[in-house]
Every structure is written in C-alpha cells, then in structure tokens.
Amino acid sequence: MPIQIAPLTEAYFNQVIHLGNLVHGEGYLDNAMMSEIAAKGYKADVNANFIALLDNQVIGFRLTYAPQSWQVDKWCSPELWPVDAGKLCYFKCNTVAEQHRGKGIGKALLQASINATRLQGAVGGISHLWKQSPDNAAVGYFSKAGGKLIKAHAHRWNNNPDHPDYICVLCGKDCQCTAWEMLLLF
C-alpha cells in the first residue's frame, strides 16, 4: 500500500503525539497542545496540518499554523523578514519516523501545507528548525525547499512555556539545542 498524505484529524492525534514525543522528546506534544495546534491550522475552511499514513498508521506529520493565527514572539525576527508577519504561516513541526526518512515524505508534507496555506492567503512561512536533528535533516530539507536562514537562536526549547514538560532526546531537561529561524517564500 502506498504512503498517503491526508489532512490531520482528531482521530490521529494520539498517533501524532506518540511519534512527536518519540522523535523530539517526552512532553513535546500532548492532547491539549494538539487541540490548539489543530485549531490554529484552520482558516477559510482549509486545514494546513497533514499526516503521512502507511496502512492507517501515522509515519509522519506536518503541523502548520495558518496566517494570522500565530503570534510573533521573542524567537522571531520580523524586522529581518521581507514580508509582513500577517502574510506568513508558521511551520511548527515536521516529523517523520526514523525508518521512513529519506523517502520524500517530509517534502510531500511540506508541499501539502504550502498548498493549503496559499489558499489561506499566505505568501510564505516562518519556522524554527531543529539544528541538532538527526544528520541536521530538518535544516537540510527546508533549505532544499528554498528556506533561507534568518537567525540562529540558542536554547530555543529550554524552559519553553509552550512545552513545560519537555525532555529533549539529546539534552534531557536542560535543552541546549539551537533553532534556525528560517523563511520560505512561495
């Protein structure tokens, strides 16, 4: 059976949470976060969140906030962006199960979110990519898609109120990982 890219629905929240916590670290996602993330992905009856399925099992996901449904925070550098924040979506997270990496799934999930956010009015998207991801794959695939580095942010996920119980798979509770703030224009 081929891999299927489909809009994220509540029926798959538990599988997404499990995969996200496995890849990124315990406490990365939970039910409350998933409900909030899902709501931020909707605009104009278009869902910008997608999953990759194989035999009805989630093997990857892309979580994306619709334009104007996310807030610029201290980790954002809008003064360096060539586009107003209101015209940008926010690419929150792209995750693929280890055994399925390198097959174009991340690229397909990103493209599905780009297509959806274009319908929502976006002309680009901002993301904070995990520089320490396995083989720096997060930055690599986003760069290949046309993403440009805006700024590096050390300790991005350390004591983050968005993820208060987060335990990094590399650093433990004292996460020292760097986020690359990147911009992708469509």
* Out of all the residues in region 11-48, which are part of a helix (DSSP H, G or I), more than 23 Å from I114 (Cβ to Cβ), of a type outside the set (G, A, S) and open to solvent by 60 Å² or more (accessible area, probe 1.4 Å)? -> N14, H18, L22, N31
* Flag if G86 is of a type outside the set (D, E, K, R) and either modelled with pLDDT under 95 or within 27 Å of D174 (Cα to Cα) (or both) -> no
* Output the number of the condition that Y141 fails; it satisfies all remaining conditions of (1) in a helix (DSSP H, G or I); (2) aromatic (F, W, Y); (3) closer than 21 Å to L29 by Cα. => (3)
* Which of the residues belonging to region 20-67 are closer than 23 Å to K87 by Cα and aliphatic (A, V, I, L, M)? -> I37, A38, A39, A44, V46, A48, L63, A66
* To do: Would you confirm whether any residue within region 114-134 is in a helix (DSSP H, G or I) and modelled with pLDDT under 70?
  => yes
* Please find, among R62, R101, the residue that is at pLDDT below 95 and closer than 21 Å to H128 by Cβ. => R101
* Kindly indicate which of L8, L54, L63, L19 is more than 16 Å from the chain's Cα centre (by Cα) and under 18 Å from G106 (Cα atoms). => L54
* To do: Would you check if S127 is among the small types (G, A, S), in contact (Cβ under 8 Å) with a residue 24 or more places away in the chain, open to solvent by less than 60 Å² (accessible area, probe 1.4 Å) and in contact with a helix residue (DSSP H, G or I) (Cβ under 9 Å, 6 or more places away or on another chain)?
  => yes
* Could you tell me whether any residue of region 166-174 is modelled with pLDDT under 75, open to solvent by 80 Å² or more (accessible area, probe 1.4 Å) and closer than 15 Å to C76 by Cβ? => no
* To do: Name the residue, out of S69, S77, that is among the small types (G, A, S) and closer than 19 Å to A179 by Cβ.
  => S77
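The values are calculated or read from the model by the stated rules, or taken from the named source; none is laboratory data. Small disclaimer: the values here were computed from a predicted structure and weren't measured. So basically every Cβ, Gly included, is an ideal-geometry build from the backbone, and we count neighbours across all protein chains shown. For accessibility, only protein heavy atoms count, side chains too; no ligands or nucleic acids. Shrake-Rupley method; radii C 1.70, N 1.55, O 1.52, S 1.80 Å.
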